[in-house]
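Here is the structure we will look at, set down as structure tokens.
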Amino acid sequence: MKKIILLLALIIPAVSGWSQSKKDLEAKMNHFQSKVDSIVAAYDRQIAELKSENGQLASELSSLKLNLTNASTSLSLLAKSNSDLEAQYKVLTAKVDSLTKLVKLRQAAANTEANDNNYITNPQNEEDSIQSVVYQYYAAPKWEDRLAFVLDAEKVKPHMRQQYSNNYSSWSYSKKNIIVMDEKISMGQSFKVLVNGSTIIYMKKTSSGYKIDWDASTGHNATSIKYFEMNKSTTATNFRGRVILQSDLSNLGYVDEYLHDIGITEDRYYSVSIMDVDYNSMYAAVNKTSTDGKRLLNLLKDGKEHKIILQVQYQKKQANGWANDGIGYIPVVTKFVSEDWSM
């Protein structure tokens, strides 16, 4: 590329100070023709080198070469008058100047692209290292290749197999589309990375490098909401979900008299909706007076949807109070686990 620019740069000085005689102009135009031929030959060499590395750039250089070739061809059609030679000289000079600028712009763009991709193989700082992991994770040709970049790989492997076996695609994101959202990252700390302007993934700094928390990033739940509701299990179960505050208790599915009879009243409880990544949802009661209930209400009082983790279990009322054995009737939030999808 640099050789091309040097050859182009030689043309303008070569033609400055020409005399106005027809003979001199023709001689100089022949010299000019020789320089154009040299540039075309240089382009041919550059295109051969770039074909395996940058097809797009090679195509654009081919287009530039065509412009030069056309300029060269036009020399044979020059009229023999001094005025026509002068006019053609000005046109060709303008073309060479324009081509020089285009080549410089393409060289700058190629250098920028090379520098942008350098972080993948040669990270210079913490941000580069994190972005490199994210890039390689998304660009992995097979889902199994992503295991090298995830936290607790053997544990999440079955979840990933279920998710990707029949639905996997790899993606290539540039450095500017991988944004580390936390400034200070400590060992074992969970932090967020924004990918492509819309996707939040969770990562952790470990002794073996930066790892992606796959369960947190995908919103995976070990037990589905559908299965949990079907069995009405009294076993406390964690759910990652999009949670939003409800205006009353009516969505729990029981009339007020029954709810009152089992102790679920609006002076003591409020309700929330929990929706998973597959858009399955359930409603659960939350005790207003509990520590976790107060903390959760403080978060949800803005009326917006929040991606959090809640522990839920079905409970039922017996003569001696709430019992956790057997089949329950009302899903109740028993713990506010996390303010995001990481644990």
Which listed residue is over 22 Å from residue 158 (Cα atoms), buried (at least 16 other Cβ atoms within 10 Å of the Cβ) and at pLDDT below 95, from 198, 233: 233
Qualifying position, being in contact with a helix residue (DSSP H, G or I) (Cβ under 9 Å, 6 or more places away or on another chain), more than 30 Å from residue 329 (Cβ to Cβ) and surrounded by 13 or more Cβ atoms within 10 Å (Cβ to Cβ), among 165, 190: 190
Among (1) in a loop (DSSP other than H, G, I, E, B); (2) surrounded by 15 or more Cβ atoms within 10 Å (Cβ to Cβ); (3) not basic (Lys, Arg) - the single one residue 247 does not satisfy: (2)
Residue list for the range 272-286, filter: in a strand (DSSP E or B) and under 27 Å from residue 200 (Cα atoms): 272, 273, 274, 275, 281, 282, 283, 284
Sole exception among (1) buried (at least 16 other Cβ atoms within 10 Å of the Cβ); (2) not assigned by TED's automatic domain parsing to the domain that holds residue 303; (3) not aromatic (Phe, Trp, Tyr) for residue 176, by number: (1)
The range 134-152, residues that are among the hydrophobic types (A, V, I, L, M, F, W, C) and assigned to a helix (DSSP H, G or I): 134, 139, 143, 147, 148, 149
Among residues of the range 223-233, those that are of a type in the set (A, V, I, L, M, F, W, C) and either closer than 18 Å to residue 243 by Cα or in the same structural domain as residue 130 (by TED's automatic domain parsing) (or both), counted: 2
Selection count, the range 303-332, where residues are assigned to a strand (DSSP E or B) and either at pLDDT below 95 or out of contact with any Ser or Thr (no Cβ under 9 Å at 6 or more places or on another chain) (or both): 14
Strands (runs of 3 or more DSSP E) wholly inside the range 160-217 that include at least 2 residues being closer than 17 Å to residue 308 by Cα and touching a residue at least 60 places away in the same chain (Cβ under 8 Å): 190-195, 199-206
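The values are calculated or read from the model by the stated rules, or taken from the named source; none is laboratory data. The model shown is predicted, which means the values in this text are computed figures rather than measured ones. Because the Cβ atoms are built from the backbone with ideal geometry, glycine has one as well, and the counts that use them run over all protein chains shown.
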